[in-house]
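The values are calculated or read from the model by the stated rules, or taken from the named source; none is laboratory data. Given the structure is predicted, the values throughout are model-derived calculations rather than measurements. Counting neighbours? That spans all protein chains shown, and the Cβs are built from the backbone with ideal geometry, glycine included. With ligands, DNA and RNA removed, areas are computed over all heavy atoms of the protein, side chains included. Shrake-Rupley method; radii C 1.70, N 1.55, O 1.52, S 1.80 Å.
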Amino acid sequence: MAVDYEGKKIGMWMFLFTELLFFGGMFLLYAVFRYRFALDFHGAAAHENIVLGSLNTFILLTSSFTIALAVSAMRQGRSALSSSLQAATIALGAAFLVIKYAEWSAKIGVGLYPNSPVLLQKNPGEILFFSLYYVMTGIHALHVIVGIGVIACMIIFTTRGKITSKKPIMLENTGLFWHFVDIIWIYLFPLFYLIT
Amino acid sequence: MRKADQQTPLVSYTTLTVVWLALLVLLAATIAVARGHVLVKYSVLVPLAIASAKAGLVLNYFMNLRYEGRLLKVMLLVAVAVLTAFIALTFMDVWYR
């Protein structure tokens, strides 16, 4: 039976386009406020932990690598290897979230969270910076959580033989989603951690 | 044009590994530029250019865009163009208000 391979893939890409515009709106907000409050953004970005940010970028780039390997392995018919690589991707995604949790906790610990008394005494631009930081990294982290859940399902499908070298499309589309989430982080990292 | 049930060519482990290493080199470069306070004049442009280079690698090799047909590439172009138009029009307002 013919599987509409192209149709399924285009469907996934169309979903990613909606995601692009969804995140795009937030990037636009960031750009406008950064333009208006350049100095405040500069000062606020100094609170970011560049080491943890870099480590998380390394982790997410590597997780994209492992899921890409998982797709290639599957298409060569090596399902067991593919499963392990999918599990590795989940582990890396979880590590990303743990570090993100540590970063948020550290900030909340010093009173930097939306509407906190400490934050409200700061300049409007700094308040905006931290609001955008929490919203954008928060929604991004939500995407990582969803991605982990979807990959977990893919491991089950792989073990049950629903994903095979002849029918890898579900795993491929999962990979596309994971890479997209990686690309969003690729832009979030310089915007919040590096550009000061 | 490829048939609907035809798959994109398989990307080898070697290619994927090279792309991953290239991504790590770009990550190191962007951190070095930020920490070294070099190219201060272009402190927004350079990190964003490096980020776009990384995104390009992920799109082309990890997401297989390089091996896709013209339809998908045009669709992506349209989506990016729409986003760019939104940003450009907003900044027309921000700059010239």
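What to note about this one:
- Taking 0.36 nm per residue of separation and subtracting the current Cα-Cα distance, fully stretching the chain between residue B:22 and residue B:45 would add 6.3 nm.
- Each residue, residue A:19 and residue A:156, gets one label point 7 Å from its Cα in the Cβ direction; the gap between the two is 2.0 nm.
- Theoretical gain in end-to-end length, residue A:26 to residue A:94 [0.36 nm per residue, Cα-Cα removed]: 22.0 nm
- Percent carbon-and-sulfur accessible area, chain B, ignoring ligands, DNA and RNA, probe 1.4 Å: 71 percent
- Of the residues A:38, A:10, A:53, the one whose Cα sits farthest towards the positive end of the charge dipole of the range A:1-135 is A:10 (charges of +1 on Lys and Arg Cβ, -1 on Asp and Glu Cβ, taken about the Cα centre).
- Reach of residue A:107 by Cα under 23 Å, taken over lysines that are not fewer than 8 positions away in the same chain: A:122
- The per residue volume of the convex hull around the alpha-carbon atoms of the range A:5-194 is 102 Å³.
- Sequence of A:14, A:170, A:136 from largest to smallest accessible area, 1.4 Å probe: A:14, A:170, A:136
- Approximate spin-label separation residue A:164-residue B:14, in nm, with each point projected 7 Å along Cα-to-Cβ: 3.0 nm
- Accessible area of residue A:169 (1.4 Å probe, protein heavy atoms only, ligands and nucleic acids ignored): about 20 Å².
- Drop in accessible area of at least 50 Å² in the complex versus isolated chain, residues of the range A:45-71, 1.4 Å probe: A:50, A:61, A:65
- Cα gyration tensor shape for the range A:3-106, rounded if a/c is under 1.5, else prolate or oblate: oblate
- Residue among A:96, B:95, B:61 farthest towards the positive dipole end of the protein assembly as shown, charges placed on Cβ: B:61
- The range A:81-190, accessible surface, carbon-and-sulfur percent (1.4 angstrom probe): 73 percent
- Charge dipole (debye, nearest 20) of chain B; +1 at Cβ of Lys and Arg, -1 at Cβ of Asp and Glu: 120 debye
- For the residue pairs A:8/A:162; A:9/A:166; A:166/B:73; A:9/A:100; A:9/B:73, the C-alpha atoms sit more than 20 angstrom apart in A:166/B:73; A:9/A:100.
- Solvent-accessible area buried by A and B, counting both chains, probe 1.4 angstrom, square angstrom: 4400 Å²
- Cα-based shape type of the range B:11-63, given that a ≥ b ≥ c are square roots of the gyration tensor eigenvalues and the cut on a/c is 1.5: oblate
- Within the straight-line cut-off of under 20 Å between alpha carbons, the aspartates and glutamates reachable from residue B:41 are A:40, sequence neighbours fewer than 8 places apart in one chain being disregarded.
- The range A:74-120: C-alpha gyration tensor shape, a/c 1.5 cut-off, then a/b vs b/c: prolate
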